[in-house]
Amino acid sequence: MKRASASSVLHSFAPIESPRAQVLILGSMPGAASLAAARYYAHPQNRFWPIMGELVGAGPELEYERRLDALRAAGIALWDVLAQCEREGSLDAAIRDDTAVANDFAGFLARHPRVRTLLFNGAKAEHSFRRFVLKPLARSDLRLVRLPSTSPANASQRPQMKVSAWREALREAGVAVRGA
């Protein structure tokens with residue numbers, strides 16, 4: 001008989017903020033590797049930092065704090081939709097929506113009035129935002145864009161297709177990106 005393992009209450013990180021922020025990139029909830037390292041996108045197979053390196057100079061070859069500085073300098077803020085939830089393992093599909101508590105987006109957006117575009121790192125982040133945040137937030141001036149997840153679980157898309165989608169979305173949000 002297989003023993004069911006209990007899911008635990010997980011807590012996300014504080015946002016990476018900047019007064020220059022014009023775009024907010026949102027994940028759903030940090031995975032196990034990120035929680036253990038206390039860093040956004042810490043799993044070595046996650047494509048987030050390689051993509052940010054190619055587009056805005058915030059690549060994995062830099063120390064973590066320097067990556068965050070590069071995001072801030074580019075006008076990018078980083079956060080997660082959920083402040084807490086229960087989940088077994090790291091997969092977004094394992095997040096128990098009945099335990100989900102959203103972060104304070106009204107407060108964040110009040111502190112960052114230049115942010116007009118929210119980029120969702122995958123479907124679960126967008127779904128959670130629309131389910132738990134959008135209606136109570138009552139903001140119609142935000143541009144919401146779902147992008148291909150950078151998670152290693154999303155291996156169905158070629159890396160260059162992900163880079164292209166992220167490049168276009170950042171460019172449309174007013175971020176100066178590298179490359180064609």
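Distance from the C-alpha centroid of segment 129-180 to that of segment 22-41: 15 Å, rounded to the whole angstrom. Computed from backbone phi with θ = phi - 60° and the Karplus coefficients 6.51, -1.76 and 1.60, the 3J(HN,Hα) list for segment 107-116 is x, 4, 5, 5, 6, 10, x, 7, 6, 10 Hz; x is used for glycine and proline. Based on C-alpha pairs under 8 angstrom that are at least 6 apart in sequence, the chain has a relative contact order of 29 percent.
Taking 0.36 nm per residue of separation and subtracting the Cα-Cα distance, full extension of the segment from residue 168 to residue 104 would add 20.3 nm.
Placing dummy labels 7 Å off each Cα toward the beta-carbon, the span from residue 135 to residue 123 is 2.2 nm. For segment 11-100, the share of DSSP beta bridges that are antiparallel, to the nearest 5, is 45%.
For segment 31-64, backbone nitrogen atoms closer than 18 Å to the point 7 Å from residue 14 Cα along Cα-to-C-beta are found at 35-41, 64. Among DSSP bridges having both ends in segment 31-158, what percentage is antiparallel? Round to the nearest 5. Of the beta bridges lying entirely in segment 31-158, close to 45 percent run antiparallel.
Descending by average beta-carbon neighbour count within 10 Å, the peptides 40-47, 133-140, 62-69 line up as 40-47, 62-69, 133-140, the highest first. Mean separation of Cα pairs under 8 Å and 6 or more residues apart, divided by the residue count, gives segment 86-180 a relative contact order of 24 percent.
Considering the convex hull of the alpha carbon atoms of segment 94-162, report its projected area averaged over all viewing directions, in nm², one decimal. Result: 5.7 nm². The shape of the chain can be summarised by an equivalent ellipsoid whose semi-axes, obtained from the alpha carbon gyration tensor, come to 25, 20, 15 Å from longest to shortest. Using Cβ point charges alone (K and R +1, D and E -1), the dipole size of the chain about the Cα centre works out to roughly 340 debye.
Every number in this text was worked out from the coordinates using simple rules, so none of it is lab data. None of the values given here were measured: they were computed from a predicted structure. Every residue, glycine among them, receives a Cβ derived from its backbone with ideal geometry; neighbour counts consider all protein chains shown.
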